[in-house]
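The values are calculated or read from the model by the stated rules, or taken from the named source; none is laboratory data. From a predicted model like this one, the values you see are computed outputs, not experimental measurements. Reconstructed Cβ throughout: ideal geometry from the backbone, glycine too, with neighbour counts over all protein chains shown. Please note that ligands, DNA and RNA were not included when accessible areas were found on the heavy atoms of the full protein model with its side chains. Shrake-Rupley method; radii C 1.70, N 1.55, O 1.52, S 1.80 Å.
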Amino acid sequence: MSLEVRPYAVTDPEVRPLLDELAHEYHSRYGTNSELERYPPEEFAPPRGVLLLVREDEVSVAGGAFRHYDDETAEVKRMWTASAHRRRGLARLVLSELEAEAKRRGYRRIFLTTGPKQPEAASLYLTTGYRSVPADDPEGFGLLAFTKDL
């Protein structure tokens, strides 16, 4: 089995499994999936953003995106691994590919947030060189924020 990583539009049908499972995940952990409605699809479009999918045997198994945060910073969003494909290092692969793409596009830093009910995400970010920073948390979810210099 070989993995393919490439960009897709957020509106592409191949992205739908990512968004559907992510919505289910957010709702089951937090009782809402409002995070997915916060940013329009064009926020993740080139040249300032991207959404990458990892596909295996023509099936979407993982993905993630970034959007423009400020002139030096890309903000990672939509990190996801299909539940049937977890514990294979796919999230680490997605994160690495997003970092490389952000660097190619001239960003010097990555910023991201995750929720307190996603300890596996926080662990991934800390073990891949991110550092914890104070989070702006207007909805009171207890967001955890991280940054990494590219």
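Relative to a virtual label point 7 Å from the Cα of R16 in the Cα→beta-carbon direction, which members of region 67-82 show backbone nitrogen distances below 15 Å?
It comes to no residues whatsoever.
Can you give the accessible area per residue of the chain, in Å², using a 1.4 Å probe? Walk me through the intermediate numbers first.
Details: 8070 Å² over 150 residues.
On a per-residue basis, 54 Å².
Given the options T114, T73, T127, which has the most mean-square fluctuation in a GNM of the chain, springs set between C-alpha atoms less than 10 angstrom apart?
Of the options given, T127 has the highest mean-square fluctuation.
List the longest stretch of the chain that has no exposed loop site; here a site is one of the GluC sites (Glu not before Pro) assigned by DSSP to anything other than H, G, I, E or B, with at most 14 other Cβ within 10 Å.
Details: sites that count: E58, E72, E139.
Free of exposed loop sites, the longest segment is 73-138.
Restricting to the chain, what percent of DSSP beta bridges are antiparallel, rounded to 5?
Working: 28 of 32 bridges.
Antiparallel bridges: around 90 percent, rounded to the nearest 5.
Say we join alpha carbon atoms closer than 10 Å with springs in a Gaussian network model of the chain; which of V50, V133, V76 then has the biggest fluctuation?
In the Gaussian network model the winner is V133.
Accessible area of the chain with a 1.4 Å probe: how many percent of it is carbon plus sulfur?
Of the solvent-accessible surface of the chain, carbon and sulfur hold 50 percent.
Stretch L3-R86 to full length: gain in nm at 0.36 nm per residue minus the Cα-Cα span? All intermediate terms of the calculation are to be shown ahead of the outcome.
Numbers: separation 83, 0.36 × 83 = 29.88 nm, distance 1.43 nm.
So the chain would gain 28.4 nm between L3 and R86.
Count charges around P13 for me, please; just the other residues with Cβ under 14 Å from its Cβ, Lys/Arg as +1, Asp/Glu as -1. All intermediate terms of the calculation are to be shown ahead of the outcome.
Details: positive: R16, R55; negative: D12, E14, D20, E58.
Result for the local shell: -2.
With an 8 Å Cα cut-off and a minimum separation of 6 or more residues, compute the relative contact order for the chain in percent.
Details: 253 pairs, mean separation 27.7, N = 150.
Relative contact order of the chain: 18 percent.
Using +1 at the C-beta of Lys and Arg and -1 at the C-beta of Asp and Glu, which of Y8, L19, V61 has the Cα lying farthest in the positive direction of the dipole of the chain?
So the residue we want is V61.
Work out, in µm²/s and without decimals, the Stokes-Einstein translational diffusion coefficient of the chain at 37 °C, 0.692 mPa s, Rh from Kirkwood over C-alpha pairs. Walk me through the numbers before you get to the answer.
Numbers: Rh = 15.5 Å.
Translational D for this selection: 212 µm²/s.
Per DSSP helix of 4 or more residues, -39500 (n - 2.57); summed, then divided by the residues of the chain. What does that give at 222 nm, rounded to the nearest 500?
-8000 deg cm²/dmol
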